[in-house]
Amino acid sequence: PEPGEGELRLGTYRDLWGDYVAERNPALRFLSPSQTLELHPDDAERLGLEHGQRVQVSADGNALIASVALRERMLPGTGFLIEGGATDAAGVLDGAVVVTVAPAPEEAEEAPAPAYLTEKREVVAWRS
């Protein structure tokens, strides 16, 4: 189907590091990708989007949040999302062929960092 106003045809791809191995391994976690909507610059202009902007991609009552990445080689009218990630994976759109793209709603507050990153450890004095 042809995309309408504010819509894109959707394709998905698997990122090399977008799986449980990178997400669960502290040494590899930095390689785990965040969701990205790759699209042609003409589509970004048509939709009023900029590179790096956070957007909401939705279809049939399901939605995810992604960051825009502009790619000259993308086919105009088509966007690509990463499938298989732990958060905001393309699978949440349940096989949609055409999706609606709009600026992401304002986020109230960012989630707190995991305890292992914020906890201070006490110095333990050993008895001899």
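Taking the Cα atoms of the range 1-87, the ratio Rg/Rh between the radius of gyration and the Kirkwood radius comes to 1.00. Taking amide H positions as modeled 1.01 Å from N, with prolines and chain starts lacking one, the residues under 5 Å from residue 77 and 5 or more places away or on another chain are 40, 43. Applying 1/(1 + (r/R0)^6) with R0 = 41 Å to the Cβ-Cβ distance of residue 126 and residue 30 gives a FRET efficiency near 0.75. The string of couplings for the range 32-44 from the Karplus curve (6.51, -1.76, 1.60, θ = phi - 60°) is 5, x, 8, 4, 10, 9, 8, 8, 6, x, 5, 5, 4 Hz, one whole number per residue in order, with x for Gly and Pro. Per-peptide packing, taken as the mean over residues of other Cβ atoms within 10 Å, places 70-82, 36-48 in the sequence 36-48, 70-82 from highest down. Take every DSSP beta bridge whose two residues both sit in the range 1-74; close to 60 percent of them are antiparallel.
Only the coordinates and a few stated rules stand behind these numbers; no lab work does. As the structure is a computational prediction, the values presented were derived from the model and not from experiment. Backbone-built Cβ (ideal geometry, glycine too); neighbour counts: all protein chains shown.
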